[in-house]
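Participant: Have a look at this one.
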Amino acid sequence: MISVAIELKKVRKTYGTEAVQTVALDDVDLTIDNGKFVVVLGPSGSGKSTLLNVMSGLDHLDEGKITIDDYAIDSMSDKALTQFRREHLGFIFQQYNLLQTLTVKENVEIGARLVEDALDSEKVLDDVGLSDHLNKYPFQLSGGEQQRVSIARALVKRPKILFCDEPTGAVDEETAKSVLEILQNLNKKYETTIVLITHNASIAKLAHSIVKMNSGKIVGVETNKPQEARKISWND
Ligand SMILES: Nc1ncnc2c1ncn2[C@@H]1O[C@H](COP(=O)(O)OP(=O)(O)O)[C@@H](O)[C@H]1O
Ligand SMILES: [Mg+2]
């Protein structure tokens, strides 16, 4: 049976003052099933980052309900939310946010220390193809390699859900494909639910499900037959 990982009901989020308001999320309803690779696709400013931040408890909503498993994250205190994110969720952003004074392995061990049943850091670094770089520092790595360290740091906690905000926004096409291939493999191997946001329609081809956004609304949800990241052509 397919179980639900995340459910949003009538979620609203506005920014700004009463005089000048931006409706970033306009009555959004969405269900994300466990184990799926979901891509949220939309132009810049359509509310993708706001959606990700609100559904992962990084930011507060104004109205509506959000549950992750059976946790009502819209009604948790900040302290409880921080603890919940630390134990159950993983995050990957366009910026790698690695600690520059620590080695690759030490950066991943920071992630491992947040939970009791972490995976082995070296094993996860092997999964992302970085076994030969354990003792290097971030500045000695390419952008794609640094992003793979941040993926390993998130994955070592065995998060239930991995949230990725434009994870390949700062790397070239070939590097992007290798990063996406790793995410696709980890989704299969660990059955981690992945929610990835992008403005690049090509990237959506690797998803099980494509959520389309425009002007703060979800304008469509499509089921998709995932293509392999490697085989996606970037220009159509
Ligand atoms: N902190 C903020 N303060 C004011 N407006 C914001 C803030 N964050 C986002 N917005 C506005 O909300 C809308 C959605 O933004 P965002 O979720 O970042 O879109 P996307 O990630 O799709 O580019 C945009 O109009 C943006 O300008
Ligand atoms: Mg964004």
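The values are calculated or read from the model by the stated rules, or taken from the named source; none is laboratory data. Since we're looking at a predicted model, the values are computed, not measured. Cβ atoms come from the backbone with ideal geometry, glycine included; neighbour counts cover every protein chain shown.
Participant: Kindly check whether there is at least one residue in the range 64-77 that is in contact with a helix residue (DSSP H, G or I) (Cβ under 7 Å, 6 or more places away or on another chain), more than 15 Å from ligand 1 (Cβ to nearest atom), without any contact (Cβ under 8 Å) to a residue 24 or more places away in the chain and not in a helix (DSSP H, G or I).
Facilitator: yes
Participant: How about the range 162-181: which of its residues are buried (at least 22 other Cβ atoms within 10 Å of the Cβ) and either away from ligand 1 (no atom under 16 Å from the Cβ) or aliphatic (A, V, I, L, M) (or both)?
Facilitator: Within the range 162-181, L162, A176, K177, V179, L180 meet the criteria.
Participant: Identify all residues within the range 9-50 that are farther than 15 Å from G220 by Cα, within 13 Å of ligand 2 (Cβ to nearest atom) and of a type in the set (A, V, I, L, M, F, W, C); write none if there are none.
Facilitator: Result: A24, single match.
Participant: Continuing with this model, one more query. Need at least 3 residues that are over 23 Å from L155 (Cα atoms) per element, so show me which strands (runs of 3 or more DSSP E) inside the range 189-236 make the cut, counting only ones lying wholly within it.
Facilitator: Passing ranges, in order: 209-214, 217-223.
This table checks each residue for (1) of a type outside the set (A, V, I, L, M); (2) modelled with pLDDT under 95; (3) over 23 Å from T103 (Cα atoms).
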| residue | (1), (2), (3) |
| --- | --- |
| G144 | yes, yes, no |
| K157 | yes, yes, no |
| G169 | yes, yes, yes |
| K189 | yes, yes, yes |
| L196 | no, no, yes |
| N214 | yes, no, yes |
| V219 | no, no, yes |
| K225 | yes, no, yes |
